[in-house]
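Let me begin by presenting the structure, written as structure tokens, before commenting on it.
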Amino acid sequence: LKEKAGVDEIIIYCVNDGAVMKAWAEDQMIDPDGMIQFMGDPEGALTRTLDMELRHPGPHSVGIIGRCKRFAVYAVNGEVKYVAVSEREDDPAGDDYPEDTLAEALLDAILKHKNDEL
């Protein structure tokens, strides 16, 4: 990934605390010294700043309140180059149709962006 797309770091975060994120990373067998980092946004501050707070009215029973939309960002030196959000009328959280935000789609977008720069 680093050689093909020039990606130095992958950050996966969600509205959760650091302990949960650490456990999730361990469950996924992520090398803590590798390029993939799991980070928590326990109060949702980053989520609100990015305007990615899920504001759909329900159902509350599945923990919609305070959640983050499913999204992916490609940034270079702090400048956002590409954003994808997996949000549909019938799937506000993007759980059923995450394709636009999965690694393959993001890699395609990164490579397209790099080709467009040439």
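Determine the percent antiparallel among the DSSP beta bridges restricted to the chain, to the nearest 5. Given both bridge residues lie in the chain, the antiparallel proportion sits at roughly 60 percent.
When the accessible area of the chain is computed with all protein chains present and a 1.4 Å probe, what percentage of it is carbon and sulfur? Here carbon and sulfur together make up 52 percent of the probe-accessible area.
Phi angles of the stretch 29-44 translate, via the Karplus equation with coefficients 6.51, -1.76, 1.60 and θ = phi - 60°, into HN-Hα couplings of 6, 7, 5, x, 9, x, 7, 9, 10, 9, 9, x, 10, x, 9, x Hz per residue; Gly and Pro are given as x. For the stretch 7-118, the alpha carbon convex hull comes to 125 Å³ per residue, rounded to a whole number. The loop-placed GluC sites (Glu not before Pro) in the stretch 11-118, going by DSSP, that have at most 12 neighbouring Cβ atoms within 10 Å of their Cβ come out as Glu43, Glu89.
Pairs from the table (Lys22/Lys81; Lys4/Lys114; Lys81/Lys112; Lys69/Lys114; Lys2/Lys69) lying more than 21 angstrom apart at Cα are Lys22/Lys81; Lys69/Lys114; Lys2/Lys69. Counting only protein heavy atoms and a 1.4 Å probe, the chain has 69 square angstrom of accessible area per residue.
Once C-alpha pairs closer than 8 Å and six or more residues apart are averaged by separation and normalised to the residue number of the chain, the relative contact order reads 18 percent. Met39 contributes an accessible area of around 90 Å² to the protein surface, as traced by a 1.4 Å probe with all chains present. A cut-off of 5 Å between modelled amide H atoms, ignoring neighbours fewer than 5 places along the same chain, links Ile10 with Ile36, Gln37.
The values are calculated or read from the model by the stated rules, or taken from the named source; none is laboratory data. Small disclaimer: the values here were computed from a predicted structure and weren't measured. All Cβ positions, even for glycine, are placed from backbone atoms using ideal geometry, and neighbour counts span all protein chains on display. Note: accessible area is taken over every heavy atom of the protein model, side chains too, but ligands, DNA and RNA are not part of it. Shrake-Rupley method; radii C 1.70, N 1.55, O 1.52, S 1.80 Å.
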